[in-house]
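Take a look at the structure below.
The values are calculated or read from the model by the stated rules, or taken from the named source; none is laboratory data. Computed from a predicted model, the values in this text were never measured in an experiment. Neighbour counts are summed over all protein chains in view; Cβ atoms, including those assigned to glycine, are modelled from backbone coordinates with ideal geometry.
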Amino acid sequence: MSKPAKKEGKAPTYRIPADSPWANAWKMAAGLGALGIAASAVGMFSDTHRFAFSWLFAFMFFLALGLGGLFFVLGQHLTGSGWGVPLRRTAEMLMAGLPVFLILFVPIAVNMHELYPWLEEHGAGHGEEHEGGHGGGHEGGEGHEAGGHEEHGSLLGFGTQAQAQEARDPWDVHPNEREPDTRTHTPEHAAHAEIMESKTWFLDHGLFLVRAGVYFLAWILLAYFFFTWSTRQDKEKGLALTQRMEKTAPFATFVFGFSLTFAAFDWMMSLEPSWYSTIFGVIYFAIAAIIGHAVIILLTLAMRRSGLLREAISVEHFHDIGKLLHGFIVFWAYVSVSQFLLIWYAGIPEESTYYHLRWWGGGGWMNISVVVILAGFVIPFFLLMSRNFKRNLPWLGFSAAWILVVQIGQLYWLVMPYADQTGLVETQLHLHWLDFAAFFAVGGVYMAVVLWNMTRFPLVPVGDPRLDRGLHHEVV
Amino acid sequence: MGWRKPMEQLDEQYLVSEGTSLADVTEIVSKVTEQKAPRLWWILFGISTAVTGILGLTIAYLLWTGIGIWGNNSPVAWAWDITNFVWWIGIGHAGTLISAVLYLFRQYWRTAINRFSEAMTIFAVICALMFPTIHAGRPWFLYFSLPIPNQMNMWPNFKSPLLWDVFAVSTYFTVSLLFWYVGLVPDFATLRDRATNKIRKWAYGFVALGWRGSNRHWSNYERAYLILAALSTPLVLSVHSVVSFDFATSVEPGWHTTIFPPYFVAGAVFSGFAMVMTLLIIARTVYGMHDLIRIRHLELMNKIMLTTGSLVGYAYAMEFFIAWYSGNPYERFVFINRAMGDYWWAYWSMITCNVISPQFFWFKKLRTNIPFMFVISIVINVGMWFERFVIIVTSLHHDYLPSAWGNFSPTVFDVLTYCGSLGLFFTAFLLFLRWFPMIAIAEVKMVMPQADPHLGHHGHDDHDEDEDAMTAEPAMAEE
């Protein structure tokens with residue numbers, strides 16, 4: 001039943017030949033990236049507010065891709081997998097692009113004040129700052145009058161009154177022993193002000209940047225070590241490096257899990273600083289896993305089309321990674337439903353704002369919510385259900401592309417409702433050219449790095465001791 | 001199933017001790033049911049039947065008197081009973097995980113332990129179901145919870161997670177039972193064929209459903225097994241998710257948090273593996289199963305415990321962090337109260353047993369040390385009981401209204417019902433060990449090198465360096 005996948009005599013090198021279109025693909029990505037950066041730079045000055053959100057959306061999407069690659073690599077080492085060895089290098093390429101996000105983070109760090117309402121507390125001149133950034137960008141003028149902003153600021157309740165009260169430690173007083181809050185005129189205002197006041201030390205400009213530095217340090221080190229070891233093994237062969245990678249992987253997974261979680265909290269959850277969900281980090285992890293697996297499928301399929309990797313990756317591998325993609329779609333739906341169902345069922349206002357904004361908040365977000373559910377879970381669940389579908393490569397490629405597009409929408413759904421927020425649970429939806437510009441800028445730069453790395457190293461880990469198992473893998 | 005020469009430097013091993021033949025496997029497993037039970041079995045069986053008897057008396061008294069004989073009282077209306085329910089359901093999870101999820105992930109080492117843990121699942125779910133049944137107060141009206149058409153126009157409340165529990169757990173029980181039974185059929189046939197007396201022959205023949213081991217039987221069997229595995233996999237997630245909804249859909253601080261479903265599932269798998277480990281080590285030693293259940297199997301189980309224990313630790317950390325981050329004073333209070341309030345000892349027992357103790361398994365020395373892992377597995381079971389206790393009792397005993405605060409203390413009947421459920425579980429389990437093939441004979445044979453049709457052709461004796469070992473042809477051992 002075993003079939004000789006390798007012809008005897010000429011061992012393939014799994015390198016991209018100089019005449020392959022893949023040899024220059026990175027230049028195309030870099031070109032697109034340059035165009036995107038140029039357009040974004042224009043946008044940054046013409047509409048700083050929108051630019052910041054568009055950039056964050058693109059950043060979080062491609063970051064998920066890089067982290068998804070890292071996760072695939074770690075999973076391979078944790079399980080001592082044989083089947084996935086030929087696919088691992090593609091994931092390693094995605095992972096090796098992670099350091100570039102440190103640079104891509106700069107626009108977010110610079111424009112933090114546009115993104116995160118919790119920063120408004122610090123700047124005394126918040127009002128003008130906000131108006132200036134926001135108002136300038138609204139050529140369209142869809143009812144974004146100043147009144148809306150005023151309301152926005154006060155509704156969220158991060159006003160100057162927050163500083164007024166003496167500092168007290170809310171940990172050691174039972175809520176019922178508190179005296180009533182007289183600082184603001186409505187209970188909701190008071191509640192929000194108090195909530196925000198109690199976590200200012202965590203949601204703090206400096207500490208936010210320090211934490212970002214820690215996450216990047218973690219990811220850069222993980223990417224660096226796992227990529228260097230793996231590529232060094234291409235030449236050295238042997239078992240020592242595999243042993244080292246398998247020894248390091250469990251600890252690396254700890255680092256990966258916590259850094260990803262807190263990055264998701266910091267960069268996305270704190271867009272609505274009064275809202276919280278314990279599962280939020282897990283949801284971002286699920287998204288990263290989906291995006292990572294979908295892109296690995298698409299990249300390897302595309303390379304096979306141009307004749308690369310044909311000896312290494314067969315329908316058997318696609319069948320297996322298709323199963324994993326299917327599994328992660330279900331997992332993502334599961335954790336998303338967990339969050340939704342519990343918030344919906346309990347109906348606590350401070351939590352339900354999140355879904356209220358995306359359902360009743362206006363601007364057509366309800367439609368996107370429906371699309372994300374149907375196109376993100378229901379349809380791909382059936383697209384990838386059958387064994388025959390997963391083994392039909394064009395079908396699998398279509399499904400992976402479909403899923404990827406929906407996940408772009410999912411990230412948009414997570415980030416962008418806050419871009420046009422006009423009240424606590426009111427927002428608008430309009431596609432802006434900057435969304436595309438930022439997407440190309442971040443994606444172009446990141447993919448240029450990934451594709452450039454592909455030209456420098458073999459496309460499969462040729463030194464891996466389990467490679468042969470991987471090459472002869474068959475699903476039974 | 002595939003078989004390859006293991007790379008020992010990469011911690012790979014034969015799943016069955018080298019030199020064990022196919023006939024040995026049959027012999028090792030079957031003889032347990034054919035010989036007289038060892039003295040230890042009788043001692044344990046005597047104890048556990050006695051304890052089960054006490055359980056029967058306790059329940060009889062309880063039903064006669066009312067559940068007021070338990071310590072549950074406002075504000076702690078759920079206490080040991082629901083703690084025990086969740087604990088037992090959680091323990092049941094390892095069975096399905098090992099038999100279904102690890103099967104789909106092609107983790108062949110599962111074959112040595114799946115039968116064992118599936119049996120454990122069935123008995124654990126039975127023990128679990130006992131508690132809500134009693135707690136509902138009038139077990140003879142239990143059918144009220146089912147949507148049966150009736151002339152009273154009475155319908156269950158479909159919006160209640162407690163009802164979802166009824167559906168989730170009963171589905172889980174049914175599918176687990178089917179899965180277990182389907183796997184048992186070929187092995188029952190083996191016992192039937194080895195039977196030396198009429199009764200045995202007839203009894204095992206009856207449950208073997210006329211299995212002849214023909215090609216068609218095997219191919220139907222494989223298909224059924226795969227379908228049941230695919231059906232069981234979502235159940236691994238759904239059951240404990242629904243159990244977590246019992247708490248998390250409320251507006252109770254400490255209960256209402258969005259990470260509960262996956263966190264409960266991780267905890268369930270964690271405790272299930274710990275229980276399998278406890279039982280497995282005893283059975284392996286008493287019945288001399290060392291050739292089939294190797295240290296490697298135990299080590300891999302310990303790794304899963306380390307993983308799930310750490311996931312549980314992650315969930316604790318998230319709960320605590322978000323309780324603070326939420327800014328919600330009630331949330332904050334509940335968590336501070338957990339760690340520093342009246343039940344601080346329960347909280348710290350939970351942290352020590354569940355988060356700290358599995359961390360020892362980072363060290364290979366410790367995760368291959370049998371007495372050590374035995375102790376840790378019991379510690380984890382204790383810790384997971386405390387986890388449910390902490391969640392249930394500490395959230396209820398000091399919630400919104402200080403005037404309604406109150407502590408919980410168990411009565412002797414709480415203790416008797418809990419210990420009684422252990423008696424019931426062990427009685428059933430000991431009977432299983434005595435009469436059922438405790439290891440899946442047919443499945444273990446599939447992962448042995450002898451099952452490889454290419455054995456002896458190549459890959460086995462022409463390996464003078466690693467490179468050659470790697471080029472061993474992939475082996476398919478189907479049919």
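Evaluated against (1) within 14 Å of chain B (Cβ to nearest Cβ); (2) modelled with pLDDT of 95 or more, A:Q407 falls short on exactly one condition, (1). None of B:F335, B:F374, B:F361 is surrounded by 17 or more Cβ atoms within 10 Å (Cβ to Cβ), out of contact with any strand residue (DSSP E or B) (no Cβ under 7 Å at 6 or more places or on another chain) and under 26 Å from A:Y276 (Cα atoms) except B:F335. The single residue among A:I329, A:I313, A:I297 that is closer than 25 Å to A:G97 by Cβ and modelled with pLDDT under 95 turns out to be A:I313.
Determine whether B:G90 is modelled with pLDDT under 90, buried (at least 16 other Cβ atoms within 10 Å of the Cβ) and not aromatic (F, W, Y). No. Candidates in region B:242-256 are the residues that are over 18 Å from B:Y172 (Cα atoms) and touching a helix residue (DSSP H, G or I) at 6+ places or on another chain (Cβ under 6 Å); of these, the one that is farthest from the other protein chains (Cβ to nearest Cβ) is B:G254. Within region B:329-347, the residues that satisfy the criterion of being more than 19 Å from B:T258 (Cβ to Cβ), more than 9 Å from chain A (Cβ to nearest Cβ) and not aliphatic (A, V, I, L, M) are B:G341, B:D342, B:Y343, B:W344, B:W345, B:Y347.
Inspection of region A:24-41 finds no residue satisfying the criterion of being part of a helix (DSSP H, G or I), surrounded by fewer than 20 Cβ atoms within 10 Å (Cβ to Cβ) and touching an Asp or Glu at 6+ places or on another chain (Cβ under 8 Å). Starting from residues that are closer than 24 Å to B:R338 by Cα and not hydrophobic (A, V, I, L, M, F, W, C), keep the ones in region A:198-215 and report whichever is modelled with the lowest pLDDT. The extreme case among them is A:S198.
Residues in region A:232-244 that are surrounded by 21 or more Cβ atoms within 10 Å (Cβ to Cβ) and more than 8 Å from chain B (Cβ to nearest Cβ): 2 in all. The residues listed here are A:V475, A:V371, A:V462, A:V450; of these, the one that is of a type in the set (V, I, T) and modelled with pLDDT of 95 or more is A:V450. Of the residues that make up region A:429-442, is at least one within 30 Å of A:Q76 (Cα to Cα), away from chain B (no Cβ under 14 Å) and within 21 Å of the chain's Cα centre (by Cα)? Yes, region A:429-442 contains at least one residue that is within 30 Å of A:Q76 (Cα to Cα), away from chain B (no Cβ under 14 Å) and within 21 Å of the chain's Cα centre (by Cα). A search for C-beta distances below 8 Å between a residue of region B:259-276 that is away from chain A (no Cβ under 14 Å) and any residue that is surrounded by fewer than 24 Cβ atoms within 10 Å (Cβ to Cβ) and of a type in the set (S, T, N, Q), counting only pairs 6+ apart in sequence or on different chains, returns B:S271/B:N381; B:A274/B:N381; B:M275/B:N381.
For A:A346, the conditions (1) under 23 Å from A:V475 (Cα atoms); (2) over 20 Å from the mean Cα position of the chain (by Cα) are fulfilled apart from (1).
For region B:201-241, residues that are away from chain A (no Cβ under 12 Å), surrounded by 15 or more Cβ atoms within 10 Å (Cβ to Cβ) and free of Cβ contacts under 8 Å to residues at least 40 places away in the same chain total 9. The residue list B:S409, B:S403 contains one member that is in a helix (DSSP H, G or I) and out of contact with any helix residue (DSSP H, G or I) (no Cβ under 8 Å at 6 or more places or on another chain), which is B:S403. Taken together, the residues in region B:298-328 that are over 17 Å from B:P261 (Cα atoms), crowded, with 21+ Cβ neighbours inside 10 Å and more than 12 Å from chain A (Cβ to nearest Cβ) amount to 4. Scanning region A:250-301 for residues that are away from chain B (no Cβ under 13 Å) and without any contact (Cβ under 8 Å) to a residue 12 or more places away in the chain yields a count of 0. The set of residues in region B:104-130 being modelled with pLDDT under 90, surrounded by fewer than 24 Cβ atoms within 10 Å (Cβ to Cβ) and either of a type in the set (A, V, I, L, M) or part of a helix (DSSP H, G or I) (or both) consists of B:L104, B:Y108, B:W109. A:A400 falls short on exactly one of the conditions (1) at pLDDT 95 or above; (2) under 30 Å from A:G43 (Cβ atoms); (3) among the aliphatic types (A, V, I, L, M); (4) buried (at least 22 other Cβ atoms within 10 Å of the Cβ), and that condition is (2).
Taking the criterion of being in contact with a Ser or Thr (Cβ under 6 Å, 6 or more places away or on another chain) and within 18 Å of B:S421 (Cβ to Cβ), the residues of region B:91-121 that qualify are B:I91, B:G92, B:A94, B:G95, B:T121.
Restricting the search to region B:1-40, which residues are assigned to a helix (DSSP H, G or I), crowded, with 17+ Cβ neighbours inside 10 Å and hydrophobic (A, V, I, L, M, F, W, C)? Passing the criteria: B:V25, B:I28, B:V29, B:V32.
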